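A short worksheet on the structure shown next.
The values are calculated or read from the model by the stated rules, or taken from the named source; none is laboratory data. Remember, predicted model here, so these are calculated numbers, not experimental data. Cβ: placed from backbone, ideal geometry, glycine included. Neighbour counts: every protein chain shown. SASA here: full protein model, heavy atoms, side chains in, ligands and nucleic acids out. Shrake-Rupley method; radii C 1.70, N 1.55, O 1.52, S 1.80 Å.
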Amino acid sequence: MMGAETITLGCRLNFAESEAMRGLAGDDAIIVNSCAVTNEAVRQTRQAIRRAHRASPDKRIIVTGCAAQLDPAGFAAMPEVAKVIGNADKYRAAAFSNENRVVVSDVMTAPAPPVAAGFLARVRSFVAVQTGCDHRCTFCSIWQARGASRSLPYASVREAVARELDAGAKEIALTGVDITSYGEGLGVLCQRLLADLPQLKRLRLSSLDSIEIDEALMELVAGEPRLLPHFHLSLQAGDDLILKRMKRRHSRAQAVETVAKLKAARPDMTIGADLIAGFPTESEEAALNSLRLLDDCDIVAAHIFPFSPRPDTPAARMPQLERELVKARAARLRHAAEERRTRWLDELVGTRQTVLIENSEKGHSDNFAPVRIAGSKRGDIGQARITGRDNDTLIGMFE
């Protein structure tokens, strides 16, 4: 697709949305689709803007996304930025073409956006099924940037998936801010897509709220091989008191039980998870409970975030831990997660895995282990024998 260059930070939803926006600005523009999940993400957004301007000083830089929605004035004040567009406006061509330097509407009253889809350059295509969030986790500002949860119409989602498959996508990943809140149920949505689109051979799901995994989705886990066996769960902590202070809706025991059910339904299921280290008031015992959750939930792909106090959130007003302690706990959690992941990858050596190559010679197995296969090319898929490991990447050979 011709149009603006895009620079995407943050979640998979942003990648899909960047593709949807590309054609709204001309070749003389760079669209920076920002992230605001942590203070570090905002810093990286600003860094990306400055880097883009140095590399292409003649191009207009248009900033959109969650960080732009939350702090439009701050980004408009950057000399490198030509225009700031909020989340409620970023699909409107008029927002890109009008003379206003800042176009940011009230995201809380915005209608549901069109279905964003794209990222075919890596063979896997992300398709948005919802946006926004109705929950109010005390550490999170994304609901302020995205608005209320809005599910996108099934017919539009189906058409977008079919379009991506027709364009050559080998794998579809459904994404959103809180996809388990999808109106008719995420499991029903997946069942309908798989029934209506027999050409859909590989279906992945982005981050899931474990407490909202429904029975229809569990049925697919148990009996539908086209639903790929890797779930990334938004767990955040492994201590009940911290979970309550986060205003999460699950307990530690419920998280462990959910993983046990998933693995009982499909033994090759692998689990990833988001975990926050150093949440306000976190005791050493609470931190150790999160550390133990790695083993209790058999987590092999952990995203570890040192707690970052976001403006205008309840957690920012809670008693904070010393930053050095937060960093130390995050490092400990990250080290333990890396050791578990290394053991898991070692266990896969000598096995056979179905692998989809997304870039030159590198892709992922069904259970989302990174695999490199010499001589392969983007889009290749098949059974591979895993012969070794190179750091975080398995080495294999197609049979």
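Sort Cys133, Cys11 by accessible area with a 1.4 Å probe, largest first.
Accessible-area ranking of Cys133, Cys11, largest first: Cys11, Cys133.
Looking at the chain, what % of its DSSP beta bridges pair antiparallel, to the nearest 5?
35 percent
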* Alpha carbon convex hull of region 298-385, projected area averaged over orientations, nm² -> 8.3 nm²
* Roughly what percent of Cα-Cα pairs across the chain reach past 28 Å? -> 50 percent
* Using only alpha carbon pairs under 8 Å that are at least six residues apart, calculate the relative contact order of the chain and give it in whole percent. => 10 percent
* To do: Provide Rg and Dmax in Å for region 32-98, with only Cα atoms included in the calculation.
  => 11.3, 31
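Dipole size in debye (nearest 20) for the chain around its Cα centre, Lys and Arg Cβ +1, Asp and Glu Cβ -1?
620 debye
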* For region 112-197, with equal point scatterers placed on the C-alpha atoms only and solvent neglected, what are the log10 I(q)/I(0) values from the Debye formula at q = 0.24 1/Å, to two decimals? -> -1.14
* **Listed residue pairs exceeding 32 Å between alpha carbons, taken from Lys247/Lys362; Lys170/Lys247; Lys201/Lys261** => Lys247/Lys362; Lys170/Lys247
* Structure fact -> To the nearest 0.05, the calculated FRET efficiency linking Asn359 and Leu241 through their beta-carbon distance, R0 being 41 Å, is 0.45
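Relative contact order of region 1-100, please, whole-number percent, based on alpha carbon pairs below 8 angstrom and at least 6 residues apart.
It comes to 25 percent, rounded to a whole number.
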* Highest-fluctuation residue, Thr64, Thr342, Thr138 considered, GNM on the chain with Cα pairs under 10 Å -> Thr342
* Can you give the % of DSSP beta bridges in region 98-241 that are antiparallel, to the nearest 5? -> 30 percent
* To do: Would you pull out the residues with amide H under 5 Å of Ala277's amide H, same chain only if 5 or more places away, H placed 1.01 Å from N?
  => Phe305, Phe307
* Volume of the Cα convex hull of region 212-283, divided per residue and given in Å³ -> 82 Å³
* Using a 4.7 Å Cβ cut-off, which Cys residues in the chain lack a partner cysteine? -> Cys11, Cys35, Cys66, Cys133, Cys190, Cys297
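Quick check on the chain: helices-only [θ] at 222 nm, where DSSP H runs of length 4 and up contribute -39,500 (n - 2.57) each and the sum goes over total residues. Nearest 500, please.
Estimated from H runs of four or more residues: -10500 deg cm²/dmol.
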* **Three semi-axes of the equivalent ellipsoid, region 141-269, Cα gyration tensor, whole Å, largest first** => 27, 19, 11
* Asked: What net charge is computed for the residues neighbouring Asp134, neighbours being all others with C-beta under 15 Å from the C-beta of Asp134, Lys and Arg scored +1, Asp and Glu -1?
  -> +3
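In a shell of Cβ-Cβ distance under 11 Å around Val81, excluding Val81 itself, what net charge do Lys and Arg (+1) and Asp and Glu (-1) give? Walk me through the numbers on the way to the answer.
Working: positive: Arg46, Arg50, Arg60, Lys83, Arg101; negative: Glu80.
Net local charge, Val81 excluded: +4.
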* Structure fact -> The aspartates and glutamates whose Cα lies under 19 Å from the Cα of Lys263, excluding any fewer than 8 residues away in the same chain, are Asp209, Glu212, Asp214, Glu215, Glu219, Glu224, Asp274, Asp295, Asp296, Asp298, Glu347, Asp366
* Can you spot the lysines whose alpha carbon is less than 29 Å from Lys59's alpha carbon? Ignore those fewer than 8 places along the same chain. => Lys83, Lys90
* Among residues other than Ala95 whose Cβ falls under 10 Å from its Cβ, what is the net charge (Lys/Arg +1, Asp/Glu -1)? -> +2
* Structure fact -> Residue separation between Glu324 and Glu184 times 0.36 nm, minus their alpha-carbon distance, gives in nm 45.9 nm
* Structure fact -> Output row, site Glu347, 7 Å Cα→C-beta label point, backbone N cut-off 19 Å, window region 241-276, residues 256-274
